[in-house]
Structure formats: C-alpha cells, structure tokens
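Written out below as structure tokens is the structure these notes cover.
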Amino acid sequence: MGNLVGGRAADRDRDRALILALLGLTLTLALFGLLAESSTASVVLVFVMGVTGFAGVPGMITRVTDCAHGAALAASANVSASNVGNALGAWLGGLAISAGLGYTSPLYVGAGIALTSTAVMVVAARRARSPRAVDRVPAK
C-alpha cells in the first residue's frame, strides 16, 4: 500500500512526497514509542509504519536514477543504502536498549533517524530547485 500511495504521490511531486513520507514515518515512530503499551495502537501503528516506510521507496528510486542520469546500476544504490540503514538502525537501537533506555527506545532512535532524513531531503529538494544547482536533479 505504501508503494502504491508513494508512487502516485511521487508522480505528482516527487520531492514533496519523499518529505511527507519521511515526516509521516518520524511521527509514526514517535507515536508508537508513546503508545506501545496499547495492543490496539501497536497494531494500527505497525500498519501505518509499513505504509509510511514504503511510501518513499518509489520516489527515492526515481530520484537516485535521475541523479545518475539513468545509469544501469543506479537503482542498486537505493537497495544498498536501505540495507546499510537497516543495519545501522538495528545497531543504534541495540545500543539504546543496552544503555538501559528500555525496549521502546529503538522507536525513538528510528524517529530521530527519520527526522534527520527529513531534514536532509528538505535541503536536497531546495538545492535541486535552486537555479544555481550544478548537477541539478530534475524535480518531478
């Protein structure tokens, strides 16, 4: 569902769709941390986390391939970055638990990572729209 919604949104305005997906993921993870004691909220938020987490994938893949000017293996960079992110997130979440911050702390770590990603995407989108952008990524 996230890929479908994100793909349609990216067709209209890719960078805006990416920013909204990342912001949605940030808010979902933070809210999940606050409401993790509720089984009903947990079920709903796991679903929303999946939707918001995957909503950015179509836009990110097209953004990466546009930056690479259609190079054949460009899409593999997105998958590689996702795998690095999975490993980094698990490691940082494990550090938070080991530090005694509790079992919901990885949700807040994830929210922090997603918020940082949102900020990076906002800067990247503004730079891409700048008339002085050297290697401008076409904004869709």
Over region 14-65: Rg over Rh, Cα atoms, Kirkwood Rh: 1.09
FRET efficiency, 1/(1 + (r/R0)^6) with R0 25 Å, evaluated for SER130 and ASP13 via beta carbons: 0.90
222 nm mean residue ellipticity, helices alone, for the chain (DSSP H n ≥ 4; -39,500 (n - 2.57); rounded to 500): -28000 deg cm²/dmol
Listed residues SER42, SER105, SER80, most fluctuating in the chain (Gaussian network, C-alpha, under 10 Å): SER80
Region 2-129: relative contact order in percent, alpha carbon pairs under 8 Å with at least 6 residues between: 34
GNM result for the chain, Cα springs below 10 Å: residue of GLY112, GLY56, GLY85 fluctuating most strongly: GLY85
Positive-end extreme of charge dipole, the chain - chosen from LEU115, ALA125, ILE61 (charges on Cβ): ALA125
For peptides 86-99, 2-15, 22-35, sequence by mean Cβ density within 10 Å, most packed first: 22-35, 2-15, 86-99
Among VAL44, LEU25, PRO106 - extreme Cα towards positive end, dipole of the chain, charges at beta-carbon: LEU25
Span-rule helices in the chain, defined as complete DSSP H runs reaching 18 Å or more along the axis (Cα) with Kyte mean at least 1.0: 39-55
Cα-only radius of gyration and Dmax that characterise the chain, units Å: 16.2, 50
Efficiency of FRET from Cβ geometry, LEU35 and ALA75, R₀ 35 Å, rounded to 0.05: 0.50
Size of electric dipole in the chain: Cβ of Lys, Arg +1 and of Asp, Glu -1, about Cα centre, debye, nearest 20: 560
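Only the coordinates and a few stated rules stand behind these numbers; no lab work does. Model, not experiment: these values are computed from the prediction. Don't worry about glycine lacking a Cβ; one is built from the backbone with ideal geometry, like all the others, and counts go over all protein chains shown.
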